[in-house]
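The values are calculated or read from the model by the stated rules, or taken from the named source; none is laboratory data. As the structure is a prediction and not an experimental result, all values here were calculated from the model. Cβ sites come from the backbone with ideal geometry, for glycine too, and all protein chains shown count toward neighbours. Just so you know, the surface numbers come from the protein's heavy atoms only, side chains and all, with ligands and any DNA or RNA stripped out. Shrake-Rupley method; radii C 1.70, N 1.55, O 1.52, S 1.80 Å.
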Amino acid sequence: MDELDLLKKDWKKSDDKFPKLSYNQIYSMILKRSSSIVKWIFIISILEFVLWTGIAFFIKDTESMKRFESYSNNSVYTPLVIIGYIILAYFFYLFFRNYRNISVTDSAKVLMENIIKTRKTVRYYVLFNLGYLVASTIAALFVEFNNDDILINQAQQAAASGEIFKFYAVFIIATVLMLAVVIGVLLLFYWLIYGLLLKRLNSNYNELKKLEI
Amino acid sequence: MKKELEHSFVELLEKHQNIVHKVCRLYTNNYDAHNDLFQEITIQLWKAYPKFRGEAKFSTWMYRVSLNTAITLYRKSKRRINTEDFNDVEFKIKAEVYDDTEEQQLKVLYKAVHQLNDIEKALVFLYLEDKDYREISETLGISEVNARVKMNRIKTKLKTILNP
């Protein structure tokens, strides 16, 4: 008898030896596409970082940036930038960890926990970016008010004519309005990119939840 | 619409899951690798499912996608698999071949099949699944003559592995 025929005889009997996966087990396998969504969150966060760094690099040589950098009292701004980069790096690490965790999981329960974790990370990431924007704007204003000769002059004139309160009020209101517009645009940007990805992740989560019940 | 698609797919796969298990059996040699490959094939089948129009039988289509997935993955990790314990396996075969109980013979045979390359395994798999040469050639996208020639070479190769 041929070797392969012997094998074939055994092969036909082997049907019962395999584990029988249930409908739910197979279904949760196809929900593994969650991992590709989380991978995209990771990639997009990196791309976004590259975009911002690119913009910063681009405006580095402009007149106003050069003037801003020439101010000696960068004791506020430099630490803020460094802390910002450290926190961003930590977020990239978290996004990457979420992706790794999700791609090696095969239980529905752990997958759900990881989806929740990813959602939280994205929320904190957006909050951090917005908070950082506000903090760095305030820091920039502080540096400008302490160093910019024109501004200092104007403030002194306003003080002399007794309109110092009005002078600062105009600045603060203008800054708040500008921040509101920028935050609005950023929120729209985040909602479009991360929001849509999270929506798909959420629908996977809901499917998994049904399986659990 | 998407729900219906998911439902019909999972139902079909649940029914025909043994095809995937069997592919995993030939291409992997431990429990974890078996599960990984099963999962990977499931994902690939699901990705390809919208293009499955029912022109072929679901099982025939499954053979094709499952084998392609196994072959692709096998190629990616080929170097690792080959260097890991090739010598070890060969040594064990030599040591065990003198025992002629059927169970022992089968064990040795499976080990020998594991030493074949990715395409050869696919041919052996379809042969074991009782497919004729026409079906083998269709599934693997080679000519019928080529399938026959390859199969004969595999038989010779297996003999050489078993009786070095």
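A few notes on this one:
- Here B:Ile41 does not qualify as more than 10 Å from chain A (Cβ to nearest Cβ) and within 13 Å of the chain's Cα centre (by Cα).
Condition check ((1) of a type in the set (Gly, Ala, Ser); (2) farther than 30 Å from A:Lys209 by Cα; (3) under 22 Å from the mean Cα position of the chain (by Cα)) across all residues:
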{"position": "A:Tyr23", "(1), (2), (3)": "no, no, no"}
{"position": "A:Ile30", "(1), (2), (3)": "no, no, no"}
{"position": "A:Val38", "(1), (2), (3)": "no, no, yes"}
{"position": "A:Ile41", "(1), (2), (3)": "no, no, yes"}
{"position": "A:Ile44", "(1), (2), (3)": "no, no, yes"}
{"position": "A:Glu48", "(1), (2), (3)": "no, yes, yes"}
{"position": "A:Leu51", "(1), (2), (3)": "no, yes, yes"}
{"position": "A:Phe57", "(1), (2), (3)": "no, yes, yes"}
{"position": "A:Asp61", "(1), (2), (3)": "no, yes, no"}
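- Output for the stretch A:147-184, where each listed residue is without any contact (Cβ under 8 Å) to a residue 24 or more places away in the chain and hydroxyl-bearing (Ser, Thr, Tyr): A:Ser161, A:Tyr168
- Test for A:Lys199: is it loosely packed, with under 15 Cβ neighbours inside 10 Å and within 17 Å of the chain's Cα centre (by Cα): yes
- Hey, B:Lys47 open to solvent by 40 Å² or more (accessible area, probe 1.4 Å), within 14 Å of another protein chain (Cβ to nearest Cβ) and at pLDDT 85 or above or not: no
- Members of the stretch B:124-162 found to be in a loop (DSSP other than H, G, I, E, B) and either facing chain A (nearest Cβ under 10 Å) or among the hydrophobic types (A, V, I, L, M, F, W, C) (or both), listed by number: B:Glu129, B:Asp130, B:Ile142
- Note on the stretch A:140-163: among residues that are open to solvent by less than 40 Å² (accessible area, probe 1.4 Å) and either over 38 Å from the mean Cα position of the chain (by Cα) or modelled with pLDDT of 85 or more (or both), the one that is farthest from A:Thr78 (Cα to Cα) is A:Ala158.
- Scanning the stretch A:145-183 for residues that are closer than 30 Å to A:Phe91 by Cα and of a type outside the set (A, V, I, L, M) yields a single hit, A:Thr175.
- Qualifying residue in the stretch A:165-183 (condition: under 30 Å from A:Ile43 (Cα atoms) and at pLDDT below 85): no
- For the stretch A:1-16, the candidate set comprises residues that are more than 7 Å from chain B (Cβ to nearest Cβ) and within 55 Å of the chain's Cα centre (by Cα); within that set, the residue that is most open to solvent (accessible area, probe 1.4 Å) is A:Asp16.
- Of the listed requirements (1) closer than 18 Å to B:Leu126 by Cβ; (2) over 19 Å from the mean Cα position of the chain (by Cα); (3) crowded, with 19+ Cβ neighbours inside 10 Å, B:Thr28 misses just one: (2).
- Where helices (runs of 4 or more DSSP H) fall entirely within the stretch A:1-95, those with at least 2 residues that are of a type in the set (D, E, K, R) are at A:3-13, A:34-58, A:63-70.
- Among (1) at pLDDT 90 or above; (2) closer than 20 Å to B:Asn30 by Cβ, the one test that B:His114 misses: (1)
- Index of the failed condition, A:Val50 passing every other in (1) more than 14 Å from every other protein chain (Cβ to nearest Cβ); (2) open to solvent by less than 50 Å² (accessible area, probe 1.4 Å); (3) over 28 Å from A:Lys109 (Cα atoms): (2)
- Count - residues of the stretch A:57-80 that are closer than 15 Å to A:Phe142 by Cα and among the β-branched types (Val, Ile, Thr): 2
- Looking across the stretch B:1-21, the residues that are facing another protein chain (nearest Cβ under 8 Å), of a type outside the set (S, T, N, Q) and open to solvent by less than 20 Å² (accessible area, probe 1.4 Å) come down to B:Glu6, B:Phe9, B:Val10, B:Leu13, B:His21.
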